[in-house]
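Q: What follows is a single structure, and I will ask about it in a moment.
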Amino acid sequence: MWFNGVKGIPRCFQLQADEMIVTEGCTHGLNTAIAKSGAKTVQITIDDAPGKSNSHMIALLAKYQIKTMFFVEGEFVKARKDDVRALVRNGHKLGLHTWNHPHLTKLSDDQIKDQFIRTDRLVKELTNTSMAPNWRPPYGNSDARVERVVSSIGFTKKWLWDVDSLDWKHKGNSKAIIDDVENGLAKCRKTRCIVLFHDHEATIRALELLLPRLMAQGLTLADFP
């Protein structure tokens, strides 16, 4: 089921399989390890954008008044130009995630530059703004050579993450996504924890369930960066 949230702190929730049951209590079914790990702020980031359901992701984040950075791939930008414009129009930022998601450490210097320059050129045509200096390596796979090459063309700010939702692996299993995020947040020792998601329809469904749970557990949902 989908939860149509309202502004403010919601009631607490219990997950059963891929469903969410609203309960009157404030502790039933929640991950108590998160509260014990200390107060923290959660920052959501979205990779592989714009996805086919990007408009739904924009609507969900708007409901919770969240602004974030979407890390875009050139191939998806080319296929869904209007979505890129909509992201910027709705106040989100764009970071570069290469043209077609390769392992950057396996590419030559020129191939790396091509992945970045092609993608950034297309985004600038659509938005009049470069994505530099913000980028995220596919698979988190980078090294000193890659960073030297991309820095030479203006991409000096590499963004990684603290918690991986593994939504690409769990696909439509909302409970598995939520469990991984909540367990990851319980282990995150920072006061501000970055969570990695992808611009997929299944992720949107999981976030519909997850966001009110995080709020009910006393976490703050903040803009990124």
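Q: Looking at Ser151 and the list (1) at pLDDT 95 or above; (2) within 19 Å of the chain's Cα centre (by Cα), which single condition is not satisfied?
A: Condition (2) is where Ser151 drops out.
Q: Residues that are within 17 Å of Leu30 (Cα to Cα) and without any contact (Cβ under 8 Å) to a residue 60 or more places away in the chain: list the helices (runs of 4 or more DSSP H) wholly contained in region 165-218 that include at least 2 such residues. Quick ask: steps written out before the conclusion?
A: Numbers: elements: 167-170, 174-187, 201-216.
Once the helices (runs of 4 or more DSSP H) in region 165-218 are filtered for at least 2 residues that are within 17 Å of Leu30 (Cα to Cα) and without any contact (Cβ under 8 Å) to a residue 60 or more places away in the chain, what remains is 174-187, 201-216.
Q: Yes or no: Lys157 surrounded by fewer than 16 Cβ atoms within 10 Å (Cβ to Cβ) and in contact with a helix residue (DSSP H, G or I) (Cβ under 6 Å, 6 or more places away or on another chain)?
A: Working: surrounded by fewer than 16 Cβ atoms within 10 Å (Cβ to Cβ): yes; in contact with a helix residue (DSSP H, G or I) (Cβ under 6 Å, 6 or more places away or on another chain): no.
Here the answer is no, as Lys157 does not meet what is asked.
Q: May I pose another question? So how many residues does region 93-145 have that are more than 21 Å from Pro225 (Cβ to Cβ), of a type in the set (A, V, I, L, M) and touching a residue at least 40 places away in the same chain (Cβ under 8 Å)?
A: 3
Q: Looking for whichever is surrounded by fewer than 16 Cβ atoms within 10 Å (Cβ to Cβ) and of a type outside the set (Val, Ile, Thr) here; the options are Arg85, Arg136. Which one fits?
A: Numbers: Arg136 fails: surrounded by fewer than 16 Cβ atoms within 10 Å (Cβ to Cβ).
Going through Arg85, Arg136 in turn, just one is surrounded by fewer than 16 Cβ atoms within 10 Å (Cβ to Cβ) and of a type outside the set (Val, Ile, Thr): Arg85.
Q: Specify the residue that is nearest to Gly140 (Cα to Cα); the eligible residues are those in region 93-111 that are out of contact with any Asp or Glu (no Cβ under 8 Å at 6 or more places or on another chain) and surrounded by 23 or more Cβ atoms within 10 Å (Cβ to Cβ). Write out each step before concluding.
A: So in region 93-111, the residues out of contact with any Asp or Glu (no Cβ under 8 Å at 6 or more places or on another chain) come out as 93-95, 102-104, 106-111.
With surrounded by 23 or more Cβ atoms within 10 Å (Cβ to Cβ) added as a condition, the list becomes 94-95, 104.
Details: Leu94: 17, Gly95: 14, Leu104: 10 Å.
Looking at residues that are out of contact with any Asp or Glu (no Cβ under 8 Å at 6 or more places or on another chain) and surrounded by 23 or more Cβ atoms within 10 Å (Cβ to Cβ), I get Leu104.
The values are calculated or read from the model by the stated rules, or taken from the named source; none is laboratory data. Just so you know, these numbers come straight off a predicted model, no measurement behind them. Because the Cβ atoms are built from the backbone with ideal geometry, glycine has one as well, and the counts that use them run over all protein chains shown.
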